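Below is one structure; the comments refer to it alone.
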Amino acid sequence: MKFKSLKGTRDVLPGESHRWQYVEQAIRSVMHRFNYREIRTPVFEETALFARGIGELTDIVGKEMYTFTDRSETSVTLKPEMTASVIRSYIQNNLGEQLPLVKVYYLSPMFRQERPQAGRLRQFHQFGAEAIGGQAAAIDAECLALAMEVYRTLGVTNMSLKINSVGCEQCRPAYRELLQGFLSNVREKLSAESQKRFDANPLRILDSKDEGDKSLTARAPLMKDHLCKECADHFVELQSTLLAQKIPFEIDGRIVRGLDYYTKTAFEIVSTDLGSQDALAGGGRYDLLVEQLGGKPTPSVGFAAGIERLLMVMDQAKLFSGNEPHPFLFLAAADDDGRAWASKASMELRRAGIATELDLLGRSLKSQLKEADRQKADYVLVVGAAELAKNAATLKQMATGDHRTIGLSDLAAEINKLSS
């Protein structure tokens, strides 16, 4: 029986894994510049954590979670998102008692049983950040700036930042009634999905991708025009801070986010390179979540971003050229004496920090040289009994074809001069 990967999952093969590593290293570098530290949580949690934190009426909880009962009869779920797990860890480990503002980031696989499509898999990967413990709009601005800086660092330019305010528990109920009043006039014409959301989560109707829904709600009242004073002031302060930091943005009153725990700031980073599914990253403020999960009332803000989608945009912009790993030096053996020497010398060179390859398949010298070329080695050193007798060999630079004689006594030092 020949096994295949499950639907909605894919292998990251050796020929592309360097792209993931390149992106992950850049993300970590930017996070550390902003003084965010990495957090890693288990790949599965109690199901109740996500039902309570994300909201039982959301699509994620209602349709998409990978949930099962383990041998102890506990209902567990593979992580569909990271924020609830981070907040669970924040509460459980008393992180708020160690720092007044806890700033963490993550890179992690997530799992949602949705219809696979470009940039959207059932096992997918996200990076993100959370700032837990502060309510100032300056913290929101830093979070948005952090997300934008990751993309800027990686060379992504075809993107835009959209921001909105989704209000709070004080002003949102009245707006919800106002919105439902407007939608009641067109309810029967809405898509089936939006009709389901009318009672449970009417704000999500504004986020519908259905063209009919978009047309029917074009004149719908927006939350940003019905904010309480606290939310309105917060939104103005956010805009002022972004302008002062020279971070371009546009206000989009239809951004509502898909999870129940958001308050005040909501944002998306979008790219036209992704087609209709244009979101690169999204997030916002969630001042209610810590308390909902059993902690003390704690204002927080964060974002999550898809790594697969980032890779797609970078591929289209050809931002990966020239960074595939390859051996700096290929040791080609001319005979058995050369093979014995190469086996020993390769370890010495590798311990000296030099990426070194040698033939392990007993191939002819001609085949070895072809292999060195295929692997894009920078240099090739051919060694056999004759070279060992002279304690010197000819080093060939593959890109130019230039040759030079190099001594074998202190080979690592000589090669390191070339790579410095």
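Summed over segment 362-391, residues that are surrounded by fewer than 16 Cβ atoms within 10 Å (Cβ to Cβ) and closer than 18 Å to Asn416 by Cβ total 0. Of the residues Val156, Val150, Val166, the single one that is closer than 28 Å to Val270 by Cα and touching a Gly at 6+ places or on another chain (Cβ under 9 Å) is Val166. Across segment 295-317, the qualifying residues are those that are assigned to a loop (DSSP other than H, G, I, E, B) and out of contact with any helix residue (DSSP H, G or I) (no Cβ under 6 Å at 6 or more places or on another chain), and the one among them that is surrounded by the fewest Cβ atoms within 10 Å (Cβ to Cβ) is Lys296.
Evaluation of Asn164 against the conditions (1) modelled with pLDDT of 95 or more; (2) not assigned by TED's automatic domain parsing to the domain that holds His234 shows that the sole unmet condition is (2).
Against the condition touching a Ser or Thr at 6+ places or on another chain (Cβ under 9 Å), among the polar types (S, T, N, Q) and either within 23 Å of Arg285 (Cα to Cα) or at pLDDT below 90 (or both), how does Thr69 come out, does it pass? So Thr69 fails the test. Scanning segment 347-372 for residues that are under 16 Å from Ala333 (Cβ atoms) and aliphatic (A, V, I, L, M) turns up Met347, Leu349, Leu358, Leu360, Leu361, Leu365, Leu369, Ala372. Just to be sure, is Ala118 out of contact with any helix residue (DSSP H, G or I) (no Cβ under 6 Å at 6 or more places or on another chain), modelled with pLDDT under 95 and surrounded by fewer than 17 Cβ atoms within 10 Å (Cβ to Cβ)? Taking the combined requirement at face value, the residue satisfies it. Ala129 falls short on exactly one of the conditions (1) aliphatic (A, V, I, L, M); (2) in a helix (DSSP H, G or I); (3) modelled with pLDDT of 95 or more, and that condition is (2). If the condition is being modelled with pLDDT under 95 and loosely packed, with under 14 Cβ neighbours inside 10 Å, then segment 74-96 contributes Thr74, Ser75. Reported count of residues in segment 183-203, each being in contact (Cβ under 8 Å) with a residue 24 or more places away in the chain and under 15 Å from Arg254 (Cα atoms), is 4. Would you confirm whether any residue within segment 335-345 is of a type outside the set (D, E, K, R) and touching a Lys or Arg at 6+ places or on another chain (Cβ under 9 Å)? Scanning segment 335-345 turns up no residue that is of a type outside the set (D, E, K, R) and touching a Lys or Arg at 6+ places or on another chain (Cβ under 9 Å). Tell me, yes or no, whether segment 137-155 has at least one residue that is on the phi < 0 side of the Ramachandran plot, in a loop (DSSP other than H, G, I, E, B) and in contact with an Asp or Glu (Cβ under 6 Å, 6 or more places away or on another chain). No.
The values are calculated or read from the model by the stated rules, or taken from the named source; none is laboratory data. Computed from a predicted structure; not experimentally measured. When we count neighbours, we look across all protein chains shown, and the Cβ atoms used for this are built from the backbone with ideal geometry, even at glycine.
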